[in-house]
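The values are calculated or read from the model by the stated rules, or taken from the named source; none is laboratory data. All values reported here derive from a predicted model rather than from experimental measurement. Here the Cβ positions follow ideal geometry from the backbone for every residue, glycine too, while neighbour counts run over all protein chains shown. Just the protein is used for accessible areas: all its heavy atoms, side chains included, with ligands, DNA and RNA removed. Shrake-Rupley method; radii C 1.70, N 1.55, O 1.52, S 1.80 Å.
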Amino acid sequence: MLLRQSKRLTSLSVVVSSRLSSTSGGLSSSPRKSGIFHFLTSRFYDIESFVEISQKLKRWKMEKGNKYDVDLHERYGGDIGAAIFVLKLQGAIRFQDQMDWYRVDSKEEGSINFLEYCGKSLEAIDLSGSVINYIGLKNFGNLTGLKHLDLSRCSFIDDWCLSQLHPFAESLQTLSLAGCSRITEKGLTCLHHFQNLERLDVSSLPSVPHPLLIRILLEEMLPQCYIVGMDNHENMDFPTQREKERTF
């Protein structure tokens, strides 16, 4: 769509500019218009530059959405502050001693009263397919009871992000990194701290060149953990929400 729009703008500026130049006093009588059309032509003629600007704008919005809100966490505490952040990213949450998941598009959204959860730990977070990055992970820095974390198909989760998960080394029980294209074997070695991890999903990691060897390494680092993926029978299909709820 961006390419088509830029092409139309370029064609329009060239046509109008040529029409003005064909008249006797077109350009000389309106130098301001001539400058505008020249700007449009030079600005949008390079389609790659136009796409690059759009990508930078998209990335700026993504980073803004991941911003750590100091006032939010000071006002409501770490657990509720993190829960609100997850819901803003279209994720799902579950508090301690609760069976139901809450997500931003659920029917229960309008009835969530976070005052009921004061003093309770945020136990499970599902951010699968979201735009969370290393900045957003700072919103989880004060969580002490997080047991389940789903980061599958998060395109901005990389090795640096995995190194920032160490605060959950003692509490985390299940972790999903399935489909995270930026994770390499270097990032996976950071998981040796998670000695209480019971289930780790590392399926479909395209940046891991030797998955079978990495699986062996993970099994040695985390002997108590069930490793999903990185074998000859790896399932390329991602689990449904119902399957996730049964796992969590």
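Across the accessible surface of the range 89-222, with the other protein chains kept in place and a 1.4 Å probe, carbon and sulfur atoms take up 50 percent. Using a simple spin-label model with pseudo-atoms 7 Å out from Cα toward Cβ, V104 and H192 lie 3.8 nm apart.
Filter the GluC sites (Glu not before Pro) in the range 57-144 down to the DSSP loop ones having no more than 15 other Cβ atoms within 10 Å, then list what survives.
Here the GluC sites (Glu not before Pro) that fit, given the DSSP loop and packing criteria, are E108.
Couplings for the range 186-196, taken from phi via the Karplus curve 6.51 cos²θ - 1.76 cosθ + 1.60 with θ = phi - 60°, read 5, x, 5, 5, 5, 7, 5, 6, 8, 6, 9 Hz in order; Gly and Pro are left as x.
The calculated FRET efficiency for D97 paired with H166, based on their beta-carbon distance and R0 = 22 Å, is about 0.25. Taken over the alpha carbons of the range 63-218 as equal point scatterers, the Debye sum produces base-10 log I(q)/I(0) values at 0.09, 0.14, 0.19 Å⁻¹ of -0.28, -0.67, -1.20.
Amide H to amide H, with H built 1.01 Å from N, F95 comes under 5 Å of E123, counting only residues 5 or more places away or on other chains. Computed 3J(HN,Hα) for the range 212-224, one whole-Hz value per residue from the Karplus formula 6.51 cos²θ - 1.76 cosθ + 1.60 where θ = phi - 60°, is 5, 5, 5, 4, 4, 4, 5, 5, 6, 6, 10, x, 8, glycine and proline marked x. On the basis of the beta-carbon distance and an R0 of 30 Å, H210 and K138 show a calculated FRET efficiency of 0.40.
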